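Undergrad: Take a look at this one; I'll ask things after.
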Amino acid sequence: MDDRQKLLHDWTEKLLAAFEIDGTDVDIDAVLGLAGRAAHGVVRPAAPLTTFVVGYAAGLAVGSGQAEEQVAMRSATAVADALCAEAAAEGVTE
């Protein structure tokens, strides 16, 4: 693990602890990949908005019992990925 990966891992662990959701599996590479696709396929500020909404949607699905954690994240990410690809294909970029 390089310094950047360690920093992101440690930061993620700190966030999880602060929100008392330690032990939650966060696929950092998947989140960063989605952010990159939103930033380049839509517009840069779409990156944090997209990752926030995906996390929120997944959290609602888990909290309501609609899906297990990993399934909820994969599903929400897939929806956002499709929308990012659609936006990029339509030329809705910065």
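Residue-wise test of (1) acidic (Asp, Glu); (2) touching a helix residue (DSSP H, G or I) at 6+ places or on another chain (Cβ under 6 Å).
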| residue | (1), (2) |
| --- | --- |
| Asp29 | yes, no |
| Val42 | no, yes |
| Leu49 | no, no |
| Ala57 | no, yes |
| Ala67 | no, yes |
| Ala78 | no, no |
| Glu86 | yes, no |
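Undergrad: Please go through (1) part of a helix (DSSP H, G or I); (2) within 10 Å of the chain's Cα centre (by Cα); (3) without any contact (Cβ under 8 Å) to a residue 24 or more places away in the chain; (4) surrounded by 13 or more Cβ atoms within 10 Å (Cβ to Cβ) for Thr12 and return the number of the only condition it doesn't satisfy.
TA: Answer for Thr12: the failing condition is (2).
Conditions tested, residue by residue: (1) open to solvent by less than 80 Å² (accessible area, probe 1.4 Å); (2) touching an Asp or Glu at 6+ places or on another chain (Cβ under 8 Å); (3) at pLDDT 95 or above; (4) part of a helix (DSSP H, G or I).
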{"position": "Lys6", "(1), (2), (3), (4)": "no, no, yes, yes"}
{"position": "Val26", "(1), (2), (3), (4)": "yes, no, no, no"}
{"position": "Gly33", "(1), (2), (3), (4)": "yes, no, yes, yes"}
{"position": "Ala39", "(1), (2), (3), (4)": "yes, no, yes, yes"}
{"position": "Thr50", "(1), (2), (3), (4)": "yes, no, yes, yes"}
{"position": "Val53", "(1), (2), (3), (4)": "no, no, yes, yes"}
{"position": "Ala57", "(1), (2), (3), (4)": "yes, no, yes, yes"}
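Undergrad: Please determine whether any residue of region 61-75 is of a type in the set (A, V, I, L, M), under 14 Å from the mean Cα position of the chain (by Cα) and over 20 Å from Gly23 (Cβ atoms).
TA: No, region 61-75 contains no residue that is of a type in the set (A, V, I, L, M), under 14 Å from the mean Cα position of the chain (by Cα) and over 20 Å from Gly23 (Cβ atoms).
Undergrad: Another question about this same structure. In region 59-87, what count of residues is obtained for those that are buried (at least 18 other Cβ atoms within 10 Å of the Cβ), among the aliphatic types (A, V, I, L, M) and closer than 14 Å to Val31 by Cα?
TA: Matching residues across region 59-87 total 4.
The values are calculated or read from the model by the stated rules, or taken from the named source; none is laboratory data. Remember, predicted model here, so these are calculated numbers, not experimental data. We place every Cβ from the backbone using ideal geometry, glycine too, and count neighbours over all the protein chains shown. For accessibility, only protein heavy atoms count, side chains too; no ligands or nucleic acids. Shrake-Rupley method; radii C 1.70, N 1.55, O 1.52, S 1.80 Å.
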